[in-house]
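The values are calculated or read from the model by the stated rules, or taken from the named source; none is laboratory data. Everything numeric here is computed off the predicted structure, so don't read it as measured data. Note: areas computed on protein heavy atoms with side chains; ligands, DNA, RNA excluded. Shrake-Rupley method; radii C 1.70, N 1.55, O 1.52, S 1.80 Å.
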Amino acid sequence: MNPKRSLFFSSLVSPMGALLYLLLLSFFFVSSLVPTSQALALGTNANATRRRAPVHHDLSLDFYSKTCPQVDQIISSVTAARYRDSPTSGPATIRLFFHDCFVEGCDASILIAPTPGSINKVEREMEENKNLAAEAFDTVNMVKAAVENKCPGLVSCADVLAIAARDFVHLAGGPYYTVKKGRKDSKVSLGGKVHPNLPRTNSTVAELVRLFSSKGLSPLDLVALSGAHTIGFSHCDQFASRLYDFRGTKRPDPAMDARLLKALRMSCPQFGGNADVVAPCDVQTPFQFDHAYYANLETNLGLLATDQALFLDPRTRPLVQDLGRDKARFFQAFVAGMEKMGQIRVKKGKRGEIRKDCTKHLT
């Protein structure tokens with residue numbers, strides 16, 4: 001694996017041991033996050049508790065069986081090439097899918113580009129989405145172009161994103177699962193809908209559970225989907241408070257392993273530093289989709305506060321332990337969570353459209 005612009009800290013290897021050696025090798029000047037920094041970091045504010053539960057619509061495996069039967073193969077040819085040439089496209093695209101589905105449903109509204117001069121902001125302009133990687137948007141655009149070449153005007157951007165996310169999970173060593181199809185693309189992208197529906201990295205488990213419940217997802221879905229952080233990366237600003245001023249104490253988070261704290265402080269200084277530096281959410285196997293993420297939480301090696309909170313809270317600790325013991329069980333729960341998430345507030349019929357260009361509404 002050779003991501004571009006890597007940052008190597010060779011002077012720290014021997015005293016810190018193999019764990020920190022791997023961690024420091026995994027810092028990159030890249031823009032992708034998964035699952036995320038916030039990508040599947042999974043938190044929200046209390047307003048989400050007052051939102052009605054979303055409607056889940058039935059989709060089908062054979063939706064394009066007559067109109068574009070080769071859609072999965074077309075998409076996989078592009079995602080395989082992207083994963084080979086730009087591995088960070090994988091976690092970035094999975095995170096993009098999460099950010100799309102949690103804001104008004106899986107409808108590709110996150111893909112709409114800003115209109116020059118418009119006073120109405122689209123979703124991708126909002127602060128919570130500023131760190132979404134360009135590699136993810138580029139990947140979806142490339143996939144969509146390939147699909148349009150074979151099946152013009154037939155396959156939605158929302159379905160393209162859902163299938164591409166699945167491909168990247170599998171390419172990184174995770175489970176292959178069938179993706180139900182039939183979503184349409186949203187006719188609007190409303191920036192004001194972002195803040196109450198996306199996570200914060202310092203949320204409590206109670207807030208996480210409430211957010212997921214508002215989307216029709218269970219605590220098991222919360223813990224399983226958080227496992228996408230097994231290939232996620234996060235910018236320093238998403239966890240810096242844990243290093244220097246945890247919850248206003250002016251001290252580091254006592255729940256963080258001391259070795260991890262030292263390594264992160266060397267890469268993410270309290271003041272200054274490079275805003276492009278990222279750290280792996282899984283310090284053991286950052287490029288392998290496995291269940292090591294959960295073992296990390298049990299040894300205080302969670303990167304984000306919301307990651308570590310899943311093990312510290314007695315409501316979710318048994319779930320972390322269960323998925324950490326059995327990779328097959330994790331894969332099963334993750335697939336179930338992705339399928340449920342992929343059906344949140346799906347647009348169908350006249351409520352949606354099928355864009356030819358994922359960045360622009362039909363005119």
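Looking at Thr93, Thr67, which is the one that is open to solvent by less than 40 Å² (accessible area, probe 1.4 Å) and among the β-branched types (Val, Ile, Thr)? Working first, answer last.
Working: Thr67 fails: open to solvent by less than 40 Å² (accessible area, probe 1.4 Å).
Unique residue meeting the criteria: Thr93.
Of all residues in the stretch 138-161, count the ones that are under 15 Å from Asp185 (Cα atoms), of a type in the set (Gly, Ala, Ser) and open to solvent by 10 Å² or more (accessible area, probe 1.4 Å).
Going through the stretch 138-161 one residue at a time, the tally reaches 1.
I'd like to know if the stretch 186-203 contains one or more residues that are assigned to a strand (DSSP E or B) and open to solvent by less than 10 Å² (accessible area, probe 1.4 Å). Even if it seems obvious, please write down each step before you answer.
Step one: of the stretch 186-203, the residues assigned to a strand (DSSP E or B) are 186.
If we keep only those that are open to solvent by less than 10 Å² (accessible area, probe 1.4 Å) too, we end up with 186.
Yes, that holds for at least one residue.
Return the residues of the stretch 306-317 that are open to solvent by less than 70 Å² (accessible area, probe 1.4 Å) and either in a helix (DSSP H, G or I) or of a type in the set (S, T, N, Q) (or both); say none if nothing qualifies.
As a first pass, look at the stretch 306-317 and keep what is open to solvent by less than 70 Å² (accessible area, probe 1.4 Å): 306-311, 313, 316.
Result: Thr306, Asp307, Gln308, Ala309, Leu310, Phe311, Thr316.
With Leu264, Leu303 as the choices, which residue is part of a helix (DSSP H, G or I), open to solvent by less than 10 Å² (accessible area, probe 1.4 Å) and of a type outside the set (Val, Ile, Thr)?
Going through Leu264, Leu303 in turn, just one is part of a helix (DSSP H, G or I), open to solvent by less than 10 Å² (accessible area, probe 1.4 Å) and of a type outside the set (Val, Ile, Thr): Leu264.
Can you name every residue in the stretch 287-300 that is closer than 19 Å to Pro175 by Cα and either assigned to a strand (DSSP E or B) or open to solvent by less than 10 Å² (accessible area, probe 1.4 Å) (or both)?
Within the stretch 287-300, Phe289, Tyr293, Tyr294 qualify.
Could you please give the count of residues in the stretch 222-258 that are open to solvent by 10 Å² or more (accessible area, probe 1.4 Å) and within 26 Å of Asp322 (Cα to Cα)?
6
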